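For reference, the structure is listed below as structure tokens.
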Amino acid sequence: MTTAPAAPGTRTLTYADAVREALAQAMTADERVFLLGEDIGTYGGAFGVTGDLVHRFGEERVRDTPISELGIVGAAVGAALTGMRPVVEIQFSDFTAQAMDQIVNQAAKIHFMLGGAATVPLVLRAPGGSGTGAAAQHSQSLEAWFAHVPGLKVVMPSTPADAKGLLLAAIDDPNPVIVLEHKLLYKDSGPVPEDAARVPLGTAEVRRPGADLTVVATGVMVPRALAAAERLAGEGISAGVVDPRTLRPLDTETILDSVVETGRLLLVQEAPKTCGYVAEIAAAVAGSRAFGHLRAPVGRLCGLDVPIPYAPQLERAAVPQVEDIVREARDLVRRW
Amino acid sequence: MDLTKDAATARHALRTMWTIRRFEEAVDDLFARGLMHGTMHLSIGQEAVPVGACLALRDGDYITSTHRGHGHCIAKGARLDAMMAELLAKETGYCRGRGGSMHIADVATGNLGANGIVAGGVPIATGAALSVRLRGGDAVAVSFFGDGAVNEGAWHEGVNLAAVWRLPVVFVCENNQYGMSMPATRAARVDRLAERAAAYGMPGVTVDGNDPQAVHDAVADAVHRARAGQGPALVEALTYRWKGHSKSDKNLYRTRDEIDAWRERDPIARFERAVAGTLSEPEIADCREQAVAAVRAAVRSAHAAPDADAGSLTDAVYAEGAA
Ligand SMILES: Cc1ncc(C[n+]2csc(CCOP(=O)(O)OP(=O)(O)O)c2C)c(N)n1
Ligand SMILES: [Mg+2]
């Protein structure tokens, strides 16, 4: 990503550094906040996100765990229920599969099942997505699994500033929040506020205004959609890009406002198409005030319905690339 | 079986250990030169475990493997060219370039697959052994896994099922002292991971994992019991990985001295000394050369093979026809 000069009160940080800064600020401000996960201490995290935090906050608050995802998340649920603010790192989002009982059957439902008598303020961070050659069990985009469960909130930051601000908001939240980071974004840089400013959960961001078409993209597809919009501008097509940032709760109004203006909608996600998250956005638009403004069928550009393959050329072909977004967007605008 | 006294066995064991080492050195080199993609988990320093264990197996027996699985695959009899082709993302690879290092399998030799999920293969080995029982037969399944895997729920569930059903499974723990950066001693309160066996009502032993003979003896005993219908056992083999956990490891959690001390205990050098009375120096040199030649040939043929074909990407998601 190209980086504009940082605004006052901000400086340029990588996405990974921004996450670490949020964790450090949250731990400094609130003694109840602690971290647990595999290799988050001396190793500094599989993707280097926790870095030196163990040296700053000690092994009690930056807890290296055995390889026991179900146990880790369960321990976080118990700690959250009893006054702490755990932030769990699951090394790859694929391994949330190991912890699914505690996420889905416990964390998500306890507040409701107990009639509101208890809360589970836990945050689970995990990197998702493909593009590193890690193959089928280390590259998935599982956001729809979580977004489908009432009681969970789901966040997908696409910029360093949001990686920080959304994580801080997630830590404040009295509910379990799943924060899906993206491996390919960790090294991206951008302006990040120095202070601990929160980005409220449930607010979408218009990343680029547009007149001809609205592209709604999630995760790593946001920078790809922005690159595509830039190319489309060269062809005389004005594509707006909306980043939902929070999948649940979803800021539907911001998306509808844009669709009302452009009359065309292209939804882009990395995850496989069938039963994917953006189908929910398509349904929301179809049932909304924006429906009558649509001049074209709603487009969905998604990953193929295939596990992520190892071979680089196959891995690339499995998920949308900038040129795919350009092509789909151009088709929608030219044909309708 | 004494691996050092019979010349043919000694040659086979030595050549296989060298083949694993040279294969992984070649992988390391290809990766460093940017010719290989993804990440790799190398088992250099641990070669005695798969070699000693697989020498206790026969055709028709099964193994399940791990993310650090090149050694298991080679020791069970896989073709180097198809392995290397897989790592180089070729259509001729074991998985047609779909799987890569973490998913290599060789179903023909009973290798049900490496696994990207720690402990993922443990209950699968139990299932393969259950299948043997249901189909009627005397095959066994060996499940390889690391010290880190014994703290996953899947491990405990898989091991307990094998125990209560008295299935022919041998659980082989490659205790290389670390699960990524986590020392095994900090991840469990027991001194020996083999003690875990008692909790499931099966025998457990700890052996020197840098001695193929010690590994072989323990696994052969366990295989014998399993074939005789006496149920599963756990073998813990103490060893060490010389290289980082994967390609992103800065070795912050261990010392140079510790690594050097374990390199002194090189399982291959040690086995060469042990077979010195059986194999002549030229015969030993020949084992080394054969390993080098076999790996070179595999790299050459893999380079020449066609790249995995993106055109058929969605082909193998579902199987065709009736089961
Ligand atoms: C369920 C799951 N959790 C975490 C990981 C990440 N990971 C891969 S290998 C590894 C360490 C495994 O340690 P061990 O079982 O001792 O095997 P070793 O790498 O030492 O051979 C970890 C944490 C994973 N692949 N799967
Ligand atoms: Mg280990």
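The values are calculated or read from the model by the stated rules, or taken from the named source; none is laboratory data. Quantities reported herein were computed from a predicted structural model and do not represent experimental measurements. Backbone-built Cβ (ideal geometry, glycine too); neighbour counts: all protein chains shown. Side chains are part of the model used for accessible areas, which takes the heavy atoms of the whole protein and leaves out ligands, DNA and RNA. Shrake-Rupley method; radii C 1.70, N 1.55, O 1.52, S 1.80 Å.
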As an exercise, use a Förster radius of 60 Å and the Cβ-Cβ distance of A:ALA286 and B:GLU25 to find the FRET efficiency, rounded to the nearest 0.05. 0.55
Quick check: Cα centre of segment A:1-62 to Cα centre of segment B:253-323, how many Å? 39 Å
Inter-chain shielding metric for B:89-99, i.e. average beta-carbon neighbours from other chains within 10 angstrom, reads 4
With each label point set 7 Å from Cα along the Cα-Cβ vector, what nm distance links B:GLU320 and A:ALA6? 5.8 nm
Once the Cβ-Cβ distance between B:LEU252 and B:LEU134 is put in as r, and R0 is 45 Å, what FRET efficiency do you end up with, to the nearest 0.05? 0.40
Checking the a/c ratio against 1.5 first, then a/b against b/c, what shape does the Cα gyration tensor give for segment A:10-193? rounded
Long-range HN-HN contacts of A:ALA271 with modeled amide H, under 5 Å: A:GLY303
With a 1.4 angstrom probe the carbon and sulfur portion of accessible area for chain B, in percent, totals 51 percent
Just the number, please: buried accessible area between B and A, total of both chains, 1.4 angstrom probe, nearest 100 square angstrom. 2900 Å²
Cα centroids of segment B:1-60 and segment A:270-287: how far apart, whole angstrom? 48 Å
Surface per residue (accessible, 1.4 Å probe) for segment A:1-131, Å²: 38 Å²
Enter the mean number of other protein chain beta carbons within 10 Å of the beta carbon of each residue in B:193-202, as an integer. 0
Give me the extension gain from B:ARG58 to B:ASP307: residue separation times 0.36 nm, minus the current Cα-Cα distance, reported in nm with one decimal. 86.3 nm
I need the Debye-formula profile for segment A:205-335: one equal scatterer per C-alpha, no solvent, reported as log10 I(q)/I(0) at q = 0.10, 0.11, 0.13, 0.17 1/Å, two decimals. -0.28, -0.34, -0.48, -0.81
Show me, for segment A:257-274, the HN-Hα J-couplings you get by feeding each phi into the Karplus relation (A = 6.51, B = -1.76, C = 1.60, θ = phi - 60°), rounded to Hz, glycine and proline as x. 4, 5, 5, 4, 6, 8, x, 9, 9, 10, 9, 10, 9, 7, 5, x, 5, 5
Pop out the ³J(HN,Hα) list for segment A:41-51 in order, Karplus 6.51 cos²θ - 1.76 cosθ + 1.60 with θ = phi - 60°, rounded to Hz; leave Gly and Pro as x. x, 3, 5, x, x, 4, 10, x, 6, 6, x
What ranking do B:288-301, B:40-53, A:142-155 get when scored by the average of other Cβ atoms within 10 Å per residue, highest first? B:40-53, A:142-155, B:288-301
Considering Cα pairs under 8 angstrom that are at least six residues apart, work out the relative contact order of chain A and quote it in whole percent. 17 percent
Tally Lys and Arg at +1 and Asp and Glu at -1 over the other residues with C-beta under 15 Å from the C-beta of A:LEU13: what net charge comes out? -4
For segment A:205-335, the percent of accessible surface on carbon and sulfur atoms (probe 1.4 angstrom, ligands and nucleic acids excluded) is 51 percent
Hey, which lysines would be in cross-link range of B:LYS90, C-alpha to C-alpha under 23 Å, not counting anything within fewer than 8 residues on its own chain? B:LYS76, B:LYS247
Once phi is turned into θ = phi - 60°, what whole-Hz ³J(HN,Hα) does the Karplus curve with 6.51, -1.76 and 1.60 give for every residue of segment B:183-198, x standing for Gly and Pro? x, 4, 5, 9, 9, 8, 8, 7, 6, 10, 5, 4, 4, 4, 4, 4
Work out the count of Lys pairs in segment A:10-193 where the Cα-Cα distance is under 19 Å, with the pair 8 or more places apart or on different chains. 4
Amide H neighbours of A:GLU181 at under 5 Å, excluding residues fewer than 5 places away on the same chain, with H built from the backbone geometry, are A:ALA126, A:GLY128
Could you state the principal axis extents of the C-alpha atoms in the protein assembly as shown, from the largest down, to the nearest angstrom? 84, 56, 50
Taking accessible area as the heavy-atom solvent-accessible surface of the protein chains with a 1.4 Å probe, which residues of segment A:54-86 lose no less than 10 Å² upon going from the isolated chain to the full protein assembly? A:GLU59, A:ASP64, A:THR65, A:PRO66, A:ILE67, A:SER68, A:GLU69
If segment B:177-222 were replaced by its equivalent ellipsoid, with semi-axes equal to the square roots of 5 times the Cα gyration tensor eigenvalues, what would those be, largest first, whole Å? 21, 16, 7
Would you grab the residues whose amide H sits under 5 Å from the one on A:VAL154? Only those 5+ places off in sequence or on another chain, please, with H modelled 1.01 Å from N. A:ILE178, A:LEU247, A:ARG248
Just add up the charged neighbours of A:ARG335: K/R +1, D/E -1, any other residue whose Cβ is under 13 Å from the Cβ of A:ARG335. +2
Taking the Cβ-Cβ separation of A:ARG32 and A:THR203 as r and a Förster radius of 22 Å, what is the calculated FRET efficiency to the nearest 0.05? 0.30
What does the C-alpha gyration tensor say about the overall shape of segment B:168-323? Classify as rounded when a/c is under 1.5, otherwise prolate if a/b is larger than b/c, or oblate. rounded
Quickly work out the B:ASP191-to-B:ALA285 label distance, labels modelled 7 Å from Cα along the C-beta direction, and quote it in nm with one decimal. 4.6 nm
Need one word for segment B:82-152: rounded, prolate or oblate. Basis is the Cα gyration tensor (sqrt eigenvalues a ≥ b ≥ c); a/c below 1.5 gives rounded, then a/b vs b/c decides. oblate
Send over the semi-axes of chain B's equivalent ellipsoid, whole angstrom and largest first, taken as the square roots of 5 times the C-alpha gyration tensor eigenvalues. 27, 25, 21
Using Cα-only point scatterers and the Debye equation, what is log10 of I(q)/I(0) for chain A at each q in 0.08 Å⁻¹, rounded to two decimals? -0.36
